[in-house]
Amino acid sequence: MYTFEAGKGINCNKLNDNFDEVKDDANANEQALQTIDSTALRKDGSNLTAQIISAFNQVTPVVLTNQSGTISLSDNTTYFISLSGNATISLPSVPSDQRSHTIIVVVHSNNKSFNPGTTKHLATPAIYDNTKPFQYMYIYNKIDNSWYYCVGQ
């Protein structure tokens, strides 16, 4: 880099050389910043595509077949359960953190009874046909430290 001082004169050739060097560096930096901007995940999520969101939302469900008796569920998991006899759900203990805790269960009851493991519900429990598949969504309420469910068909 060249420093020009008053009274020392300015060499036009040196000034032009320096300008070209600085211009090339600035262009390289601008291109690097544009690459980062177009490929990095922004903090506000404004450059998330539907494909990325879909990939984050995908989970591999746990498939339990021929189940009966007590069925223990894990936190933040999706289940497909096929019953061979009457069943009762055992819900997990939840740590005292700030995270969301949700469990999704799709049940093929095959005309068997299904006890959701809690009496607390988010809406009036629906009457459903237990010869057809139905689903439960469990959500942990941090205010009263309890699992709540809603059911649908």
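The values are calculated or read from the model by the stated rules, or taken from the named source; none is laboratory data. The model shown is predicted, which means the values in this text are computed figures rather than measured ones. With ideal geometry, Cβ positions are generated from the backbone for all residues, glycine too; neighbour counts draw on all protein chains shown. The protein model used for the area step is the full one, side chains on, heavy atoms only, and it has no ligands, DNA or RNA in it. Shrake-Rupley method; radii C 1.70, N 1.55, O 1.52, S 1.80 Å.
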Q.
For ASN145, project a label point 7 Å along Cα to C-beta. Then give me every residue of the range 98-121 with its amide nitrogen under 16 Å of that point.
A. 98-99
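Using the heavy atoms of the protein chains and a 1.4 angstrom probe, tell me the accessible area per residue for the range 77-153 in square angstrom.
That works out to 56 Å² per residue.
Pop the C-beta distance of GLN135 and ILE52 into the FRET formula with R0 = 35 Å and round what comes out to the nearest 0.05. Please list the in-between numbers first.
Numbers: r = 26 Å, r/R0 = 0.75.
In this case the efficiency is close to 0.85.
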**Q.** Scaled radius of gyration (Cα, divided by 2.2 N^0.38 Å) that the range 107-147 gives
**A.** 1.32
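What FRET efficiency, computed as 1/(1 + (r/R0)^6) with R0 = 30 Å and r the Cβ-Cβ distance, is obtained for ASN27 and SER100, rounded to the nearest 0.05? Mind dumping the intermediate values first?
Numbers: r = 45 Å, r/R0 = 1.52.
It comes out at approximately 0.10.
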Q: Starting with the highest mean, order 34-43, 84-93, 60-69 by the number of other Cβ atoms within 10 Å, averaged over the residues of each peptide.
A: 84-93, 60-69, 34-43
Q: Diagonalise the Cα gyration tensor of the range 57-142 and give the resulting equivalent ellipsoid semi-axes, square root of 5 times each eigenvalue, largest first, whole Å.
A: 22, 15, 12
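How about the range 58-139: which trypsin sites (Lys or Arg not before Pro) there are in a DSSP loop, with at most 11 other Cβ atoms within 10 Å of their Cβ?
Working: sites: ARG99, LYS112, LYS120; in loops: ARG99, LYS112, LYS120.
Here the trypsin sites (Lys or Arg not before Pro) that fit, given the DSSP loop and packing criteria, are ARG99.
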